[in-house]
Amino acid sequence: QGKAIGVLVMSYGTPESLEGVEAYYTHIRRGNPPSAEQLEDLTNRYRSIVGGVFPLRENTNGQVAALQRTLNELAGEGAYVCYQGLKHAAPYIEDGVAAMAADGIKEAVGIVLTPQYSVMSVGGYMKRAQDEASKHGIALKPVHEYHLHPELIDALSKRVSEGLDRFGERRADTLVLFSAHSLPAKILEMNDPYSDQLLATSEAVAQSAGVEKWQFTWQSAGQTGQPWLGPDILETLERLSDEGVPSVLVTPVGFVSDHLEVLYDIDIEAKKFAAERGIRLERIRMLNDDAQYMAALAESVIGLARRGD
Ligand code: FEC
């Protein structure tokens, strides 16, 4: 590969098949197998989503290929070579780093397919990447966040405008509800930037799209017995229905792909909950391999690789 810079593109990962759900779930639970009931519940959620059973795998593959093309255009063929590394499924983060090492890569940049930093999300990916990179003598620089990159904000703002258009005459009454994956509330004691960055992304998108009626809510909290950040989207919808809000455009800002947490938690669960309370709920189209999103990733990678420190 000569002097190519490796780009480790990291994403959550999804099972290969319904038979693979148990191993995947066990990995998420740090080696503790789920109960039969928990496994059945998750398997049923995968069964019920549209767009194929595990759309995240194909979407991540598409994002890595599109990022490679964008880097070729911006920096020339061969300057950057992308490798995929997943958090909870093969090819794991460590596999991606080992593939770089096998190609003779000495310098690399790591980036995660989620725009905001938390020590529990991006921090976890980067620790594994850097531990493995140092075993192979690779110097890996981490892109911690890109939550205010102008191309990202513009891409999301276009999707908000397009989503609001779907409401026709009710456009002006529609509330834009930004959302992101909840995390255990203990991150607040660690001064974690996650909440602030999510709010900053939401605010920038609202401003760019000229939206005045907006709120932020959490979604997809886990059942761990510990408190998670709230309010959850279902509680928020309950309150909005009490306040007489007729329509809501859900705008996930921490997720970038069509996957379970969007196709089930928003499109099935939250949509049904809202409908039962007289609220029409729509969701923006996810970014997937959107050209502006790819530009945000590519520019973040190149900017960091060229920095001299
Ligand atoms: O489509 C798919 O197959 C995968 C969808 C998926 C994405 C995703 C993103 C994030 N998660 C984050 C944090 C946690 C924490 C726990 C946790 C648990 C699960 C479970 C499933 C799951 N997550 Fe996830 N997450 C996705 C899927 N996640 C399935 C297990 C069952 C359940 O709770 O529903 C709790 C772990 C524990 O038990 O200790 C914490 C965060 C993100 C967004 C950032 C990122 O993409 O990395 C944060 C996509």
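The values are calculated or read from the model by the stated rules, or taken from the named source; none is laboratory data. Source: prediction; values computed, not measured. Virtual Cβ from ideal backbone geometry, glycine too; neighbours counted across all protein chains shown. These accessible areas exclude ligands, DNA and RNA; they are computed on the full protein's heavy atoms, side chains included. Shrake-Rupley method; radii C 1.70, N 1.55, O 1.52, S 1.80 Å.
Quick look at the values:
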read-out	value
Residue check, Glu73 assigned to a helix (DSSP H, G or I), more than 10 Å from the ligand (Cβ to nearest atom), within 19 Å of Ala291 (Cβ to Cβ) and modelled with pLDDT under 95	no
Inter-residue pairs, beta-carbon under 9 Å, first over 14 Å from Leu152 (Cβ atoms) and in the range 298-309, second open to solvent by less than 20 Å² (accessible area, probe 1.4 Å) and of a type in the set (A, V, I, L, M), 6+ apart	Ile302/Leu71; Ile302/Val109; Leu304/Val109; Leu304/Ile111; Leu304/Val143; Ala305/Val7; Ala305/Ala108; Ala305/Val109
Verdict on Gln116 being touching a strand residue (DSSP E or B) at 6+ places or on another chain (Cβ under 7 Å) and either touching a residue at least 12 places away in the same chain (Cβ under 8 Å) or in a helix (DSSP H, G or I) (or both)	no
Residues located in the range 1-51, provided they are surrounded by fewer than 18 Cβ atoms within 10 Å (Cβ to Cβ), within 8 Å of the ligand (Cβ to nearest atom) and within 30 Å of Leu140 (Cα to Cα)	Ile28, Arg29, Arg30
Every residue from the range 291-309 that is among the charged types (D, E, K, R) and out of contact with any Leu (no Cβ under 9 Å at 6 or more places or on another chain)	Arg306, Arg307, Asp309
Whichever residue in the range 98-140 is open to solvent by 40 Å² or more (accessible area, probe 1.4 Å) and closer than 17 Å to His88 by Cβ and, among such residues, is farthest from the ligand (Cβ to nearest atom)	Asp131
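Conditions tested, residue by residue: (1) in contact with a helix residue (DSSP H, G or I) (Cβ under 7 Å, 6 or more places away or on another chain); (2) in a helix (DSSP H, G or I); (3) open to solvent by 40 Å² or more (accessible area, probe 1.4 Å).
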residue	(1), (2), (3)
Leu249	yes, no, no
Ser257	yes, no, no
Val262	no, yes, no
Ile266	no, yes, no
Ala270	yes, yes, no
